[in-house]
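Since the structure comes first, as structure tokens, the remarks are kept for the end.
FYI, it's all coordinate maths here, none of it is from the lab. Quick caveat, the model's predicted, so the values are computed rather than measured. Neighbour counts run over all protein chains shown; Cβ positions are idealised from the backbone, glycine included.
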Amino acid sequence: MKTQYYTASSLDGFIATEDDSLEWLHALGDIGETGYAEFIAGVGALAMGATTYEWMLRNSERVIAEVGSAWPYSQPTWVFTSRTLPRVAGADLRFVRGDVRAVFPEMRAAAGGKNVWVVGGGDLAGQFHDAGLLDEIIVQIGSVTLGRGKPLFPRRLTSPPLRLVAVRQIGPGLAELRYEVPVGGAEADADKA
């Protein structure tokens, strides 16, 4: 069982524009050409930030057109938020606030031996890293630059560095990089900050 941050990023390190648009990503190719189907089959629970959840709500028509349902996940999903947000009918949602460590044991148990996917965003993935709970970062780098936007991973990771374990080209516009997060990385960087 791993805790994985699986996402896409522009070449200059942004997962979304400043106004949370992903149109740049949709123009790069078909999700069916990626390893997403294999990835999601290994996921037993999801962690999602409020901004990502709200993007799902705002883009429900697109989600329905792509997957036939307003909520594309069968796995239980923990939405980290400090606000009251509307629920998606039929979705297994748990709205939580505070430290990721407080709910992680519940997430692991619900995952049933499968992986926990930190869906987004970068700051939530950073919180899992800071808590020593992030095992892997899988990022599909797109062949576009945004100039500014929502950062991929707003943390300093220098010592020890991430360990690159796989590289794969996905069509003409994406490269998937898979990194292992070394044990002790969060503590080492926190000591230097």
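Would a scan of the stretch 161-177 turn up a residue that is farther than 22 Å from Phe39 by Cα and touching a helix residue (DSSP H, G or I) at 6+ places or on another chain (Cβ under 9 Å)?
Yes, some residue in the stretch 161-177 is farther than 22 Å from Phe39 by Cα and touching a helix residue (DSSP H, G or I) at 6+ places or on another chain (Cβ under 9 Å).
Could you please find all residues in the stretch 3-21 being surrounded by fewer than 16 Cβ atoms within 10 Å (Cβ to Cβ) and under 16 Å from the mean Cα position of the chain (by Cα)? Lay out the reasoning, then the answer.
Going residue by residue through the stretch 3-21, those that are surrounded by fewer than 16 Cβ atoms within 10 Å (Cβ to Cβ) are 11-12, 18-19, 21.
If the condition is that a residue be surrounded by fewer than 16 Cβ atoms within 10 Å (Cβ to Cβ) and under 16 Å from the mean Cα position of the chain (by Cα), then Ser21 is the only one that fits.
Does Val116 satisfy the criteria of being of a type in the set (A, V, I, L, M) and either surrounded by 21 or more Cβ atoms within 10 Å (Cβ to Cβ) or within 16 Å of the chain's Cα centre (by Cα) (or both)?
Yes.
Could you list, in sequence order, all residues of the stretch 121-158 that are under 17 Å from Glu18 (Cα atoms), buried (at least 19 other Cβ atoms within 10 Å of the Cβ), within 11 Å of the chain's Cα centre (by Cα) and not aliphatic (A, V, I, L, M)?
Gly121, Gly122, Phe153
Is it the case, given these coordinates, that Val79 is of a type outside the set (S, T, N, Q), surrounded by 13 or more Cβ atoms within 10 Å (Cβ to Cβ) and not in a helix (DSSP H, G or I)?
Considered against the rule, which asks whether it is of a type outside the set (S, T, N, Q), surrounded by 13 or more Cβ atoms within 10 Å (Cβ to Cβ) and not in a helix (DSSP H, G or I), Val79 comes out as yes.
Anything in the stretch 60-76 that is surrounded by 18 or more Cβ atoms within 10 Å (Cβ to Cβ) and hydroxyl-bearing (Ser, Thr, Tyr)? List them, or say none.
The one that is surrounded by 18 or more Cβ atoms within 10 Å (Cβ to Cβ) and hydroxyl-bearing (Ser, Thr, Tyr): Tyr73.
Would you mind finding the one in Ala91, Ala102, Ala65, Ala110 that is in a loop (DSSP other than H, G, I, E, B) and among the aliphatic types (A, V, I, L, M)?
Testing whether each residue is in a loop (DSSP other than H, G, I, E, B) and among the aliphatic types (A, V, I, L, M) leaves just Ala91.
Of all residues in the stretch 137-183, which are touching a Phe, Trp or Tyr at 6+ places or on another chain (Cβ under 8 Å), in contact (Cβ under 8 Å) with a residue 40 or more places away in the chain and of a type in the set (A, V, I, L, M, F, W, C)?
Correct list: Ile137, Ile138, Val139, Val144, Leu146, Leu152, Phe153.
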